[in-house]
Amino acid sequence: MCGIVGILGSKPVAMDLVDALRRLEYRGYDSAGIATVENGHLERRRAEGKLRNLEHRLLEQPLSGLAGIGHTRWATHGRPTERNAHPHMTPRVSVVHNGIIENYRDLKAELSAAGHTFESDTDTEAVVHLITHELDKGQQPIAAVQSALSRLQGAFALGIIFAGHDDLMIAARQGSPLAIGHGTGEMYMGSDAIALAPFTDTITYLDEGDWAVLRRTGVDVFDRTGQSVTRPQVKSVASALLVDKGNHRHFMAKEIHEQPDVISHTLANYLDMGAGTVNFPDLGIDLAKVERVTISACGTAFYAGLVGKYWIERYARVPVEIDIASEFRYREAPLQPGGLALFISQSGETADTLATLRYCKAGGQHIASIVNVRTSTIARESDAVLPTLAGPEIGVASTKAFTCQLAALACLSIAIGRARGTIDAAKERELVTALTEIPRLISTMLRDESQFEALAHTLSKARDVLYLGRGINYPLALEGALKLKEISYIHAEGYAAGELKHGPIALIDENVPVIVMAPEDDLFDKSISNLQEVAARGGQIILISNADPEKAGCKLAAHIKVPDAHDFANPLLYAVPAQLIAYHTAVIMGTDVDQPRNLAKSVTVE
Ligand code: G6P
């Protein structure tokens, strides 16, 4: 989703702004632009499409200036054209914005009536004219922004520069994250610390409702009431090396290969592997008394939550309610006070997940979150945080964050089970040992990807692909299909294997590959029956399983061999073939693997 940066520098900033924007590319975008102020004069360059187009534009028409703002835009209001690209500006002020101004229609009508001319279809332009309107009334920039902010409804992270002010930038946040970077004689702001990593590792995160006045000598932060506040400076771990793909062609490949390490780190955070026990942090709630768990998340994180439901219900015997955050929020589900509400999010900034968290908090729930970004809003608004130690995930399609979410959920299910007495010490040791094996087994699978490459050639010719799974493999089928459609753009759907005959079977013919995720567990025979229903209709069956392919009892188009593991830990293992299938198919299709079209890494709008 949109990324913003700003630099008050000591040398021309245009190329540094582009460099910082490159670090935000992973969030997903479809146009980009920068604006600078030089000798009191504002100017901008913008371009549709990728950053290289903006760079070409800057080569043809360079932009000087020691202060500037930049933006990668993921279109919400108005098509991804140059006209709608940020920064938006009048001769007096220039603005970059991440989020949605919900009352922009009213503001636009009011400002148009007052004589302002709008050039774009965006909601953001209302902010520009609102500030200009205040400046026109004789307000100074800081007062003008403060008045404007009080009129804005919705979500925003804003970066603002002014004509006539080469040493002034204002940043504001409400609902969208914003980091201020401290340099020596320079100051920065950006959507996240990764964008600022080449310039500084000293960061101040703005709180909800904060706005900040930056000058080269430092920053003054104010809360939404205008009170001066102090927010801590922290050292960011987002090193300058983070955008390095290593020996890999894509971030996604690198992140898939990091899984043995990052899953180990995550497990080590929750388990004492030597003792074979869970070593779970205090969630501030008595797990023995938890009567219901409510899980909410979006996208891939939702599918992790679905796996978590199977684990928590089966091993801890606690009913779990789970819903997509954007649905949960509005269906007015009754909440029993004192319940445990669990939120799962890689970024910790997903707007719907955050809104649902607040809804549950207001409903008296104890809030725990599984997040990858510990400084995120969701982490900060939770009563307890269960971090995933996946490290920064740059590829838009989530891989290592997903398996680390699974690792944290698996440990949580054992912890609740132990607290409630549904798991004894021997079972705990058995389950912990099962999880401990996973990083090694994933490494084995990653040693040779030729079977995935071969399969990708078949899939790249398909128009539709079905993924089937039963029981705990059902969410993995959903995730496999999501991964494939996200990055290869091949239409794919995941179904519960038992549901096949209630509809999707009508789609099956010899042109439809059907990928069946079926570890040899207690449901294996039932999955095989469903597989044979597909075979009987000529479908091309791809079996992902540790079982001997002979057990399928029919001709397979391919068999992806997965190592043997304990049933409990299988979801972590079976996630990996689904990732590799999607990855290699996308590579053959020639799509933009790390930044698939229309998608955003961190969805900060509803
Ligand atoms: C976007 C991303 C997905 C991610 C989802 C939830 O759609 O493209 O990869 O699963 O958001 O994001 P979160 O940061 O909350 O896990």
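Asp509: touching a strand residue (DSSP E or B) at 6+ places or on another chain (Cβ under 7 Å) and charged (D, E, K, R), yes or no?
The answer is no for Asp509.
Would you point out the residue of segment 129-167, among those that are part of a strand (DSSP E or B) and open to solvent by less than 10 Å² (accessible area, probe 1.4 Å), that is nearest to Gly115 (Cα to Cα)?
Phe162
Give the number of residues within segment 450-489 that are farther than 15 Å from Ala557 by Cα and either among the basic types (Lys, Arg) or surrounded by fewer than 18 Cβ atoms within 10 Å (Cβ to Cβ) (or both).
Residues in segment 450-489 being farther than 15 Å from Ala557 by Cα and either among the basic types (Lys, Arg) or surrounded by fewer than 18 Cβ atoms within 10 Å (Cβ to Cβ) (or both): 7 in total.
Picking from Tyr303, Tyr359, which residue would you name as being crowded, with 20+ Cβ neighbours inside 10 Å, touching a residue at least 24 places away in the same chain (Cβ under 8 Å) and of a type in the set (Phe, Trp, Tyr)?
When all the criteria are applied, what remains is Tyr303.
Inspect segment 390-406 for any residue being away from the ligand (no atom under 15 Å from the Cβ) and surrounded by fewer than 24 Cβ atoms within 10 Å (Cβ to Cβ) and give the result as yes or no.
No, there is no match, as no residue in segment 390-406 is away from the ligand (no atom under 15 Å from the Cβ) and surrounded by fewer than 24 Cβ atoms within 10 Å (Cβ to Cβ).
Considering each residue of segment 567-606, count those that are hydroxyl-bearing (Ser, Thr, Tyr) and either within 16 Å of the ligand (Cβ to nearest atom) or open to solvent by 10 Å² or more (accessible area, probe 1.4 Å) (or both), and give that number.
4
Can you tell me which residue within segment 380-403, out of those that are aliphatic (A, V, I, L, M) and over 14 Å from the mean Cα position of the chain (by Cα), is farthest from Ile487 (Cα to Cα)?
Ala384
Among the residues of segment 273-294, are any assigned to a loop (DSSP other than H, G, I, E, B), of a type in the set (Val, Ile, Thr) and either assigned by TED's automatic domain parsing to the domain that holds Ile344 or without any contact (Cβ under 8 Å) to a residue 12 or more places away in the chain (or both)?
yes
Take the residues in segment 341-353 that are among the aliphatic types (A, V, I, L, M) and either near the ligand (Cβ under 9 Å from one of its atoms) or modelled with pLDDT under 95 (or both), then tell me which one is nearest to Arg292 (Cα to Cα).
Checked segment 341-353; the qualifying residue nearest to Arg292 (Cα to Cα) is Ile344.
Any idea which of (1) of a type outside the set (Val, Ile, Thr); (2) free of Cβ contacts under 8 Å to residues at least 60 places away in the same chain; (3) open to solvent by 50 Å² or more (accessible area, probe 1.4 Å); (4) assigned to a loop (DSSP other than H, G, I, E, B) is the one Pro91 doesn't satisfy?
The one condition Pro91 does not meet is (2).
Yes or no, residue by residue, for (1) of a type in the set (Ser, Thr, Tyr); (2) in the same structural domain as Phe280 (by TED's automatic domain parsing):
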site: Cys404; (1), (2): no, yes
site: Ser413; (1), (2): yes, yes
site: Ala419; (1), (2): no, yes
site: Ala456; (1), (2): no, no
site: Ser460; (1), (2): yes, no
site: Asp464; (1), (2): no, no
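Got a sec? Which of Glu520, Glu550 is without any contact (Cβ under 8 Å) to a residue 24 or more places away in the chain and open to solvent by 10 Å² or more (accessible area, probe 1.4 Å)?
So the residue among Glu520, Glu550 that is without any contact (Cβ under 8 Å) to a residue 24 or more places away in the chain and open to solvent by 10 Å² or more (accessible area, probe 1.4 Å) is Glu550.
Within segment 340-355, is there a residue that is closer than 21 Å to Leu599 by Cα, surrounded by fewer than 24 Cβ atoms within 10 Å (Cβ to Cβ) and out of contact with any Ser or Thr (no Cβ under 6 Å at 6 or more places or on another chain)?
Yes, there is a match, as at least one residue in segment 340-355 is closer than 21 Å to Leu599 by Cα, surrounded by fewer than 24 Cβ atoms within 10 Å (Cβ to Cβ) and out of contact with any Ser or Thr (no Cβ under 6 Å at 6 or more places or on another chain).
The values are calculated or read from the model by the stated rules, or taken from the named source; none is laboratory data. As the structure is a prediction and not an experimental result, all values here were calculated from the model. Every residue, glycine as well, gets a Cβ built from its backbone with ideal geometry; the counts of neighbours run over all protein chains shown. Please note that ligands, DNA and RNA were not included when accessible areas were found on the heavy atoms of the full protein model with its side chains. Shrake-Rupley method; radii C 1.70, N 1.55, O 1.52, S 1.80 Å.
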